[in-house]
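Since the structure comes first, as structure tokens, the remarks are kept for the end.
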Amino acid sequence: MVKICCIGAGYVGGPTMAVIALKCPSIEVVVVDISVSRITAWNSDQLPIYEPGLDEVVKSCRGNNLFFSSDVEKHVAEADIVFVSVNTPTKTRGLGAGKAADLTYWESAARMIADVSKSDKIVVEKSTVPVKTAEAIEKILTHNSKGVKYQILSNPEFLAEGTAIQDLFAPDRVLIGGRETPDGRRAIKALKDVYAHWVPEERILCTNLWSAELSKLAANAFLAQRISSVNAMSALCEATGADVAEVSHAVGKDTRIGHKFLNASVGFGGSCFQKDILNLVYICECNGLPEVANYWKQVIKVNDYQKSRFVNRIITSMFNTVSGKKIAIFGFAFKKDTGDTRETPAIDVCKGLLGDQARLSIYDPQVTEDQIQRDLSMNKFDWDHPLHLQPMSPSSVKQVSVEWDAYAAAKGAHGLCILTEWDEFKKLDYEKIYENMMKPAFVFDGRNVVKAEKLREIGFIVYSIGKPLDPWLKDMPTVA
Ligand code: NAD
Ligand code: UGA
């Protein structure tokens, strides 16, 4: 019986291993983590992450061939294949700060593998890492090997949050990179055999190590670039009277371009797009390619521009100040169907409004008050460190209250901002909301989820990203 151990029980390690366990009943899978509270949650009825379909998968194999444990060393020692799915944050200090990937967690996992291993192992990079990380890991393992042989594989993960289980059940592709040697090829085959339990062979791509590592960074950069492209167009649409949804539809009809991932928004968020592009930029700079680095940097600049443009639009529409005004925030997660707030655009929008002294009343169906307060008081990039390294009781931001109901959040507000595309925001009773708001009442839709015309009939002044401007907004100063 093959035994798999995965180091890191996070958004990737947990769901990925649960699906491997479900699809491969003959394989024993143990997910380990240094965070005892995370492991306790994985072993409880309240899993540490919200992901549609995850509960069912975990419940059907936990205790049979799927286990969660904080006894990291024991399970690593016993495994044939060790996945490493720890966080790879952006460095906040020293060389490459603000860009390069911080491989501290990866390196400590590799050193621990070398310390405890007594049998040969395949070590799989599941985390997203800079190109050539496998070489560094190989050096750490072989220089401390005590006779144990290792093969390093790169097997980046492409799941998206909110659809993780669906993505894992039917991936567009599984990518496995390895050494082009007989031992390397044998290791690739062993991992391919695991995925072949449910993924059609033609979808399992085998490449060299560096191609696999770089493909992951490239895929995220291309995806983020599409969003920045459509968001750049959204600014031009507002200036010209074009409608970004119509432009996206027309552009996406070209089969060479395709219709997916062309929704204009307040900006992309999530734990990876920005981090991985910054990492890519740093690698380009280190390889003497400043033009290539600058090209990709622009994707992040446009994303930052989109968020500040949104904040400026709110402030200028509301007579150039939101000082002391209550603004309701609908949605704080970085996208719908997740409780994840890492790099959510809501953080920058809220901080921008707080900077102009607004009072915020926030509602998100999946995000806790503690998490929101933590996010609004944390420094950039500090979030991507294990929970036990973060402040336990964040100092709360006084001008922020968190409500458990959209209507309560909007009561007495001057304006409301939609920052996550939760389905329930489409179905709210906006007449009731309007009645309980200050007048004029504003809606700033950062996700294009509401029907602007219907809301205007009720009496709202409505701003929707990339849509022809409300007559009220046309008279306001141009947003820089
Ligand atoms: P996460 O923060 O949710 O989980 C990482 C876990 O690793 C944490 O629970 C942490 O306690 C644990 N950990 C850190 N060092 C450890 C060590 N030495 N030993 C044991 N456990 C340790 O992160 P995540 O979202 O699962 O992302 C993990 C990696 O996967 C990152 O490199 C990320 O870029 C990549 N990735 C993430 C996604 C996503 O949707 N979140 C998708 C694809 C790839
Ligand atoms: C993304 C990629 O889609 C995954 O393939 C990848 O594995 C993952 O990053 C990762 O490496 O972490 P994720 O961040 O979970 O997945 O979610 P996405 O659906 O990609 O959305 C990212 C952000 O872009 C969200 O804020 C979303 O609202 C925004 N977005 C997405 C848009 O603004 N417009 C779109 O058309 C699509």
**Complete:** Those trypsin sites (Lys or Arg not before Pro) from segment 20-96 that are DSSP loop and have at most 11 other Cβ neighbours within 10 Å turn out to be Arg93
**Prompt:** Hey, what did segment 1-113 get for relative contact order, percent, Cα under 8 Å, at least 6 apart?
**Reply:** 32
**Message:** How much length would be gained if the chain were fully extended between Lys380 and Lys146, taking 0.36 nm per residue of separation minus their Cα-Cα distance, in nm to one decimal?
**Reply:** 80.2 nm
**Prompt:** Along segment 452-462, what does the Karplus equation 6.51 cos²θ - 1.76 cosθ + 1.60 (θ = phi - 60°) give for ³J(HN,Hα), rounded to whole Hz, x for Gly and Pro?
**Reply:** 4, 4, 4, 5, 5, 4, 5, x, 5, 9, 10
**Request:** Note down the magnitude of the dipole of the chain about its Cα centre, charges +1 on Lys and Arg C-beta and -1 on Asp and Glu C-beta and zero elsewhere, to the nearest 20 debye.
**Result:** 660
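Work through the residues other than Met1 whose Cβ is under 12 Å from its Cβ and net out their charges, Lys, Arg +1 and Asp, Glu -1. It would help to have the intermediate numbers written out before the result.
Working: positive: Lys3; negative: Glu28, Glu78, Asp80.
Net charge in that neighbourhood comes out at -2.
Would you order Glu78, Glu125, Glu56 from fewest to most other beta-carbon atoms within 10 Å of each residue's own beta-carbon?
On the way: Glu78 15, Glu125 26, Glu56 11.
Going from sparsest to densest Cβ surroundings: Glu56, Glu78, Glu125.
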**Prompt:** Of Ala219, Pro290, Gly53, which is farthest along the charge dipole of the chain in the positive direction, counting Lys and Arg as +1 and Asp and Glu as -1 at C-beta?
**Reply:** Pro290
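Could you quote the convex hull projected area for the chain, Cα atoms only and averaged over all directions, in nm²? Walk me through the intermediate numbers first.
Working: hull surface 92.8 nm².
Projected over every direction and averaged, the Cα hull of the chain covers 23.2 nm².
Using +1 on the beta carbon of Lys and Arg, -1 on that of Asp and Glu, and nothing else charged, what's the dipole of segment 3-199 about the Cα centre, debye to 20?
580
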**Complete:** Applied in sequence order to segment 37-48, the curve 6.51 cos²θ - 1.76 cosθ + 1.60 (Karplus, θ = phi - 60°) yields integer Hz couplings, x standing for Gly and Pro, of 5, 5, 5, 4, 5, 5, 8, 10, 7, 10, 4, x
**Request:** Would you mind counting up the charge near Leu473? Only other residues with Cβ under 10 Å from its Cβ, with Lys and Arg at +1 and Asp and Glu at -1.
**Result:** -1
**Asked** Say each of Asp370 and Ser323 gets a label point 7 Å from the Cα, pointing the same way as Cα to Cβ; how far apart are those two points in nm?
**Response** 3.7
**Message:** Give me, ordered by chain and number, the residues 5 or more places off Arg359 or on other chains with an amide H under 5 Å from its own placed amide H.
**Reply:** Gly324, Lys325, Lys326, Ile327
**Asked** How much net charge surrounds Val281 when only other residues with a Cβ under 12 Å from its Cβ are counted (Lys, Arg +1; Asp, Glu -1)?
**Response** +1
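What is the order of Cys61, Cys237, fewest Cβ neighbours within 10 Å to most? Provide the component values of the computation, followed by the final result.
Working: Cys61 20, Cys237 23.
Ordered by Cβ neighbours within 10 Å, fewest first: Cys61, Cys237.
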**Asked** Among Ser229, Ala245, Phe330, which residue has its Cα positioned farthest towards the positive end of the charge dipole of the chain, with +1 placed on the Cβ of Lys and Arg, -1 on the Cβ of Asp and Glu, and the dipole taken about the Cα centre?
**Response** Ser229
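Test of understanding: what is the full-extension gain from Lys139 to Trp472, defined as 0.36 nm times their sequence separation minus their Cα-Cα distance?
Details: separation 333, 0.36 × 333 = 119.88 nm, distance 6.30 nm.
Computed gain between Lys139 and Trp472 is 113.6 nm.
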**Item:** Amide proton proximity set for Gly162, modelled H, under 5 Å, gap of 5+
**Value:** none
**Item:** Backbone HN-Hα couplings from phi across segment 298-315 [Karplus 6.51/-1.76/1.60, Hz, Gly and Pro as x]
**Value:** 4, 4, 6, 4, 5, 5, 5, 4, 4, 5, 6, 4, 5, 4, 4, 4, 4, 5
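Readers should treat all values here as calculations from the given coordinates under stated rules, not as data from a laboratory. Just so it is clear, the model here is predicted, and its values are computed rather than measured. Methodologically, a virtual Cβ is constructed for each residue, glycine included, from the backbone with ideal geometry; neighbour enumeration extends over all protein chains shown.
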